[in-house]
1. For segment 1-51 and segment 308-361, compute the distance between their C-alpha centroids and round to whole Å.
2. Only bridges with both residues in the chain count here: give the DSSP antiparallel percent, nearest 5.
3. How high is the FRET efficiency between Phe4 and Asp300 when r is their beta carbon distance and R₀ equals 25 Å, given to the nearest 0.05?
4. What's the extension gain from Glu12 to Lys243 if we count 0.36 nm per residue and subtract their Cα-Cα distance?
5. Compute the orientation-averaged projected area for segment 237-297 from the convex hull of its Cα atoms and round it to one decimal in nm².
6. Ignoring everything except DSSP H segments at least 4 long, calculate the 222 nm mean residue ellipticity for the chain; use -39,500 (n - 2.57) per segment, divide by total residues, nearest 500.
7. P(r) for segment 64-161: what percent of alpha-carbon pairs falls in each 10 Å bin, starting at zero?
8. I'd like to know which of Thr121, Cys53, Pro312 lies farthest towards the positive end of the charge dipole of the chain, counting +1 on Cβ of Lys and Arg and -1 on Cβ of Asp and Glu.
Amino acid sequence: MIKFLDLHKINERYRSELDEAVKRVIDSGRYLLGAENERFCNNFAAYCGSKYCVGTANGLDALRLIIMGYGFGNGDEIIVPANTYIATILAITQCGCVPVLVEPDIRTYNIDPSLIEEKITSKTKAVMTVHLYGQTADISAIRKITDKYGLKLIEDAAQAHGALHKGAKAGNLGDAAGFSFYPGKNLGCLGDGGAVTTNDPDLAKKVKAIGNYGSRKKYENIYPGINSRLDEIQAAMLDVKLKYLEKDNERRIEAAAYYKENIRNDKITLPFESKEGRHVYHIFAVLSSERDRLQKYLADKGIETLIHYPVPPHKQECYKGAIAGEFPISCKIHESILSIPISPVIEKNEQDKIIEAVNGF
Ligand SMILES: *Cc1c(COP(=O)(O)O)cnc(C)c1O
């Protein structure tokens, strides 16, 4: 069987360094907000090209902390792509804000900038764009709109560690960015983790305080904060894996190029790559009008695939009746998208097997 993602194989490559990192933390006796967190955050900020990085407990919290840090809530509106992963929308509603959904571009799966302006009202505070599947959104076009209306541009960069737009990295393309280090992400913990990157010193300070009970000094609470910190063990392991992120991304890009050269099937649409950036292929998503039959056909041949995502957020049980509007492009993507295996450890013979199977569909 070819697994969709082999996390053990991914982490085993760095086994001795990871063991060493965990041991160092255990020996240190410091498990939260210590040297490991600080070192990793400095290194990750430098990697993204941003001035500040604050560790968080996960990606959802990173997005929530940005919204709280800006003080948005009470019905403030945040524009967001309709076909994102549920976490982007949850971050908005959990802060008391209203998600205003905008359809994606069917080619890139990212928010369609030409549809944003008509959704702006006097309550709009920000555009939270998502770099879905590892390709950055059309930031230049979005920035023009956010600048024109004085809105914040927030990146959900959870799937885009190392992705580029016109030479600049995800995490440094807007006013603030939220990252997830969920194990399956391009840079993943062995557990949960996340981070906020920004060039805004006030926001960085606020996010750090709000994520630590709203406090800068122990037992002095200036904000009604939450508990969301990146722990020392995860930070130490992330710092090991960060050194290899560029190489891992290159291997993903190579694997994607190999699929693109060799998959030939009229029933399947391959991912589109914008010339303005670098797609880091967190996910290799293809479209097929016979998606369900394709998934079954591949499963029968021992190839595991996943659907990102089977149900669009506005149709989820938790938002029943809460999100108005029709989103036909999003629905079409959700009905026809299929993710085939890609990772830094996928073997050429596995890819050959997948290509042969897909071409024979
Ligand atoms: C993974 C992900 C998140 C949430 O990250 P967690 O660490 O799981 O909380 C948010 N947005 C997108 C687009 C994601 O893929």
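1. Cα centroid of segment 1-51 versus Cα centroid of segment 308-361: 29 Å apart.
2. Looking only at bridges with both residues in the chain, the antiparallel portion is about 60 percent.
3. So, using R0 = 25 Å, E works out to roughly 0.95.
4. Extending this stretch completely gives an extra 81.7 nm.
5. Its average projected convex-hull area is 5.9 nm².
6. Using -39500 (n - 2.57) per qualifying helix, the result is -11500 deg cm²/dmol.
7. Over segment 64-161, the share of Cα pairs per 10 Å bin runs 17, 54, 27, 1 percent.
8. Cys53
Values in this text are rule-based calculations from the coordinates and carry no lab data. Model, not experiment: these values are computed from the prediction. Positions of Cβ are generated from backbone atoms using ideal geometry, with glycine treated the same way; all protein chains shown enter the neighbour counts.
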